[in-house]
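The values are calculated or read from the model by the stated rules, or taken from the named source; none is laboratory data. Note that the structure is predicted; figures quoted are calculated from it, not measured. Heads up, the Cβs are rebuilt from the backbone with ideal geometry, glycines too, and the neighbour counts pull from every protein chain shown. In case anyone asks, the SASA skips ligands and DNA or RNA and just uses the protein heavy atoms, side chains included. Shrake-Rupley method; radii C 1.70, N 1.55, O 1.52, S 1.80 Å.
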Amino acid sequence: MGLTQLTNRIYFLEHDPEADRPMLAYLKGDKFSLAINAGYSASHVQDFYRAIAAEQLDKPDFTVITHWHYDHTFGMHAISGISIAHDKTNAFLKNQQALAENPGYIESLKKEDAYFRKEYCGQKQLNIALSDISFSDNITLDLGGITAQIFHTVSPHATDTVCVYVPEEKALFLGDATSEDFFNHGYMDTNKLHSLMQTIRTIDCRHCMLSHCEPLGREDLLAYLQSLYS
Ligand SMILES: [Zn+2]
């Protein structure tokens, strides 16, 4: 699978519903490049980097994480360059590291999740990394001709949710922010969702990028969310 070009400076490797692999994005600045999310595993990272190389692009200088869930973070040990995550994301990942010291942990994840079983088929160990750079509220990267405004936000999906807004390309990367909380029996906190929708309304964006969806226009996304949970 190759990269899809969204705008002049934004590319992405599409999500793969068959493997439950999230979309991974690549922002090409004049000075630096930034990937959004590390991916499910070392093999997911390799597939992404192969697609990047096929476009004659360089491996990312930075990789930012949208939240701690394993399909976005367990590839972090295999990335090239510097990783960036929220303090809370690192706290969750530290907890995952401790759990993974028990060899039964990877087996229990395989048992619970058929996609995880497929992704980690034949593997007996997890390699869970924390990020190189950690932040508590927001951090902005000037990539050269393009800016990544990385910020923590309220979301019904995870308490460490981080979004990335690229004003020059009018693109907003939301990770899984608009989904329910799978670690709380799929609970949808509608107050948090409405707060997030309000945030989205204030951002001047044309492209809303969710990790497990096709790209959406802002009004389409808001209308969809409104129809589900109003
Ligand atoms: Zn998630």
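For the peptides 17-23, 112-118, the ranking by mean Cβ contacts within 10 Å, running from highest to lowest, is 17-23, 112-118.
With a Förster radius of 22 Å applied to the beta-carbon distance between L57 and H212, the computed FRET efficiency rounds to 0.40. Heavy atoms of the protein chains alone define the surface here; on that basis segment 105-186 has 47 Å² accessible area per residue at 1.4 Å probe size.
With contributions of -39500 (n - 2.57) from each DSSP H run of at least four residues, the per-residue ellipticity at 222 nm computed over the chain stands at -9000 deg cm²/dmol.
Summarising the label geometry, the points placed 7 Å from Cα in the beta-carbon direction at H185 and D16 lie 3.4 nm from one another.
Filter K88/K110; K124/K192; K28/K118; K31/K124; K31/K118 down to the pairs with a C-alpha to C-alpha distance above 28 Å, please. The answer is K124/K192; K28/K118; K31/K124; K31/K118. Split the accessible area of the chain by element, probe 1.4 Å, and carbon with sulfur accounts for 48%. Applying a DSSP loop filter and a limit of 15 other Cβ atoms within 10 Å to the trypsin sites (Lys or Arg not before Pro) in segment 3-96 leaves K31.
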